[in-house]
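Here's the structure we're looking at; comments come further down.
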Amino acid sequence: MTELLERISICVEFGKVDLKSPYPPALKDQQGAFELTRIALDSGVSPGVILEEALIPAMSRVGEKFSRNEIFVPQMLMAAKAMNSSMIHLRPFYLSGETRRKGTFIVGTVTGDLHDIGKNLVAMMIEGAGWEVIDLGVDVSTEKFIETADKYPGAVIGLSALLTTTMENMRKTVASLREIRHSMKILVGGAPVTPEFCVKIGADHYSPDPQGAVEFLKSIAQ
Amino acid sequence: MLPGVEALERAMGYLPGTAPEPVTELIQEVSEELVILDGVKAEYRIFSNIRLWPEDKTVEIEGVIFHVKPIIYSQITDTEEVALFICTAGPLVGEMSRRSMKEGDLLRGYVYDVIGSEVVECAADNMQDELKRAAGTRGMHITNRFSPGYCGWDVAEQHKLFSFFKDNFCDITLTPSALMNPVKSVSGLTGIGRNVRYTSYQCHKCDDNNCIYRNRKTKA
């Protein structure tokens, strides 16, 4: 069984989605994350074990390699696609409540900002770390964040901004969220955002890359 | 106007020839799709009615004051004229990127996005070459180009800059948060004068470690 989980993990790490995927060449014509996850479930491996022992370690390795500049955004996206093909089989177990996630992460790009690549990467990495991700998209109003936070008590909020002008909207959103729920954990990121700005606006954590966001969530989930 | 595979690999962080096969294949596929990329445009206007204010590190163009901040100001102190410019890769590439992302094909969406960024930079380079040639015929030189949002210049000043292009043929519009539409567009200023010069970017003076232009090679 360990071997099967290792194979799933390798498929996710290197972006081998399914049997048809020609990449990586060493795995050509072999089953990918999609088929292997099905086989694992059918053999009685629990969805939680597949997540904990195959997907999370794989995405963690991907995040670490990205942080060390050993891989770049395209490979991260390929890994996320493979992870998603595995999640197709696992999602029903989460939806039914049979298997529990580590928590809920609500993410969006703040109002006035339409950039989403960085936010999408963070969302994918966090889903790969075992969290339920509620992606509100781009140009998200403060009201929308508040409304969603009300729906998911205990959720962690992630705010993204790529423009110096929209950093001001990030500040306003953090202030409004703090007003309604002081203890709510808020994570911020985006090219112009700095650790100093994070402290100044009263957010809990700033991460320059997706893996930092995952590590932060891991630290608060313990 | 479309950049080659190696240039795109570099823009994604790879050394030329080292991107994985699916990435290079996708670059080729998307490039073929975009081979006739309509809507790439650039426009500039040259202003000689300018004043430089060293105390505030500002430049005044026809009565409008731009707070360009110290890094940019230091590069344009000897400028006699200022060219304001806007460039765009057009709406198609941004729309294709958004659509692919929405459909869940994030890698394809990312490739469109990177191509769009490179195309608009290439358009700006060509405009800069034209500006350099035109300035040269008058015995003048040009500085680097500088954009709101970089080197400390507040992106909100893009609104002032666009007020000089009321009839802009590039068809770029601004959102209240100074976001350009089409998204793959750039705007900014270039100094022109007998004693100005083109330099490497002064990235060591700036604390924006995430800047997309950080240590980017300059095209003289």
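Let me know the shape class of chain B, please: from the alpha-carbon gyration tensor, a ≥ b ≥ c as square roots of the eigenvalues, rounded when a/c is under 1.5, otherwise prolate if a/b is greater than b/c, or oblate. The shape class here is prolate. Over the protein assembly as shown, dividing the summed -39,500 (n - 2.57) contributions of all DSSP H runs of at least 4 residues by the number of residues returns a 222 nm mean residue ellipticity of -14000 deg cm²/dmol. Each peptide among B:184-192, A:184-192, B:92-100 gets the average number of other Cβ atoms lying within 10 Å of its residues, and from highest to lowest they stand as B:184-192, A:184-192, B:92-100. 3J(HN,Hα) along the range B:164-171: 8, 10, 4, 10, 4, 8, 7, 6 Hz, from the Karplus curve 6.51 cos²θ - 1.76 cosθ + 1.60 with θ = phi - 60°, whole Hz, x for Gly and Pro. Peptide A:155-164 has a mean shielding of 2, counted as Cβ atoms of other protein chains within 10 Å of each residue's Cβ.
Which whole-number percent gives the relative contact order of chain B, counting Cα pairs below 8 Å spaced six or more residues apart? Don't jump to the answer; show the numbers that get you there.
On the way: 365 pairs, mean separation 53.4, N = 220.
The value is 24 percent.
Sparse packing (at most 13 other Cβ atoms within 10 Å of the Cβ) combined with a DSSP loop state is found for the following GluC sites (Glu not before Pro) in the range A:72-155: A:98. Sort out for me the Cα centre separation of the range B:110-141 from the range A:1-80, rounded to whole Å. Between the Cα centres of the range B:110-141 and the range A:1-80 lies a distance of 42 Å.
The 3J(HN,Hα) values that the Karplus relation (6.51, -1.76, 1.60; θ = phi - 60°) gives for the range A:92-104 are, in residue order, x, 5, 6, 5, 7, x, 5, 10, 9, 7, 7, x, 10 Hz. Gly and Pro appear as x.
Counting only other chain Cβ atoms within 10 Å of each residue's Cβ, the peptide A:113-119 averages 4.
Fully extending the segment from residue B:132 to residue B:1 would add 45.2 nm, taking 0.36 nm per residue of separation and subtracting the current Cα-Cα distance.
Taking K and R as +1 and D and E as -1, what net charge do the other residues with C-beta under 13 Å from the C-beta of residue A:203 add up to?
+3
For the peptides B:123-129, A:19-25, the ranking by mean Cβ contacts within 10 Å, running from highest to lowest, is B:123-129, A:19-25. Pull out a ≥ b ≥ c, the square roots of the eigenvalues of the alpha-carbon gyration tensor of the range A:1-154, then state rounded if a/c is under 1.5, prolate if not and a/b is larger than b/c, and oblate in the remaining case. The shape class here is oblate.
Across chain A, the mean sequence separation of Cα contacts (distance under 8 Å, 6 or more residues apart), normalised by length, yields a relative contact order of 17 percent.
Taking a ≥ b ≥ c as the square roots of the Cα gyration tensor eigenvalues, with a/c under 1.5 meaning rounded and otherwise prolate when a/b beats b/c, else oblate, which class fits the range A:104-221? Because its axes are fairly even, with a/c under 1.5, the range A:104-221 counts as rounded.
The distance linking the range B:1-78 with the range A:100-133 is 29 Å (Cα centroid to Cα centroid, whole angstrom). Here the 3J(HN,Hα) profile of the range A:198-215, calculated from phi with Karplus coefficients 6.51, -1.76 and 1.60 at θ = phi - 60°, is 4, 5, 4, 8, x, 7, 8, 8, 10, 10, x, 8, x, 5, x, 5, 4, 4 Hz, Gly and Pro shown as x.
Based on C-alpha pairs under 8 angstrom that are at least 6 apart in sequence, the range A:104-221 has a relative contact order of 28 percent.
Applying both filters, DSSP loop and at most 12 other Cβ atoms within 10 Å, to the trypsin sites (Lys or Arg not before Pro) of the range B:106-141 gives B:138.
For residue A:109, the amide hydrogen comes within under 5 Å of the amide hydrogens of A:137, A:138, A:139, A:140, A:160, counting only partners 5 or more places away or on other chains and with H modelled in the peptide plane.
Where a number appears in this text, it was derived from the coordinates with a stated rule and is not lab data. Here the structure is a predicted model, which means the values were calculated and not measured. FYI the Cβ positions are ideal-geometry reconstructions off the backbone, even for glycines, and counts take in every protein chain you see.
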